[in-house]
């Protein structure tokens, strides 16, 4: 995707072998989105738990505080305590197992945990030549369940960010059908940073499965209100041009895209160049790697980012060590 969170395309022979890329959909899928994005991942080792301290049998932690979050139905009303606790007990191991499998890049396990119609299911992505990368999950130390929304509706799922990207028209309702839906809000600095703090579970063959991992949609009603002053790379030191008419095949007929072409002759010192669409939340990084198996450079690379159809801005940042400088900022106003 642009980047799909956790998925990157295998390099084709026709593509340059001297450009090293990291792409990410910061607000998606997440990653789980697919959207939810990319580098070498490691394993977590031990299964993650809701807290560093083990919970006692009565649901309290070793310091006496409760480890259970609030459980409600989709309308926000308090649900029956016993039933809510039972559902949380069912869903917590699914989150643990998914996090472990994602960090270990174990797509076979991810497939068994994911709903068959979920955009997170590895089957179609692997068949299409994409590779899963679990770096978004490898540093997660723990999490707490803040809320369990039982008896959720399709409309509740559609309110999450980027759901509309994966399911157009009635696709979401058709994918879920008459199955049960539960939404779990997770508190974790690591997951919140990756916009993976809302988990959607849908039953399949009467068993709960992971359907979507993302975050609440915080796209501003008026994207232009979030725009910053334009900056032009007048000397084409980093950016050669932006193609606003680019069409990305098979990734959403109603989605807008832009392709950023980086210069062949850099005029600045930078080991990394970041391209991002700040409203849609797509981010790509190209970086120099002189120590790898193949020497690489960002010069001459092209990166495609998704655009918010109501307005967006593309920001290109040159990074040299610890120093970052925005070299180009351009608005997209349809």
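The values are calculated or read from the model by the stated rules, or taken from the named source; none is laboratory data. Small disclaimer: the values here were computed from a predicted structure and weren't measured. Cβ: placed from backbone, ideal geometry, glycine included. Neighbour counts: every protein chain shown.
What to note about this one:
- Of all residues in segment 131-183 being loosely packed, with under 15 Cβ neighbours inside 10 Å and under 13 Å from residue 119 (Cβ atoms), the one that is modelled with the highest pLDDT: 171
- Selection of segment 135-163 for residues being out of contact with any helix residue (DSSP H, G or I) (no Cβ under 7 Å at 6 or more places or on another chain), more than 14 Å from residue 181 (Cβ to Cβ) and not in a loop (DSSP other than H, G, I, E, B) yields 144, 146, 147.
- For residue 182, the conditions (1) within 20 Å of residue 142 (Cβ to Cβ); (2) touching a strand residue (DSSP E or B) at 6+ places or on another chain (Cβ under 6 Å) all hold with the exception of (1).
- Flag for residue 102 being assigned to a loop (DSSP other than H, G, I, E, B), at pLDDT below 95 and within 19 Å of the chain's Cα centre (by Cα): no
- Out of 128, 79, sole residue that is assigned by TED's automatic domain parsing to the domain that holds residue 185, more than 25 Å from residue 190 (Cα to Cα) and at pLDDT below 50: 79
Quick grid of which residues meet (1) over 30 Å from residue 163 (Cα atoms); (2) at pLDDT below 90:
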position: 252; (1), (2): no, yes
position: 276; (1), (2): no, no
position: 294; (1), (2): yes, yes
position: 314; (1), (2): no, no
position: 317; (1), (2): no, no
position: 321; (1), (2): yes, no
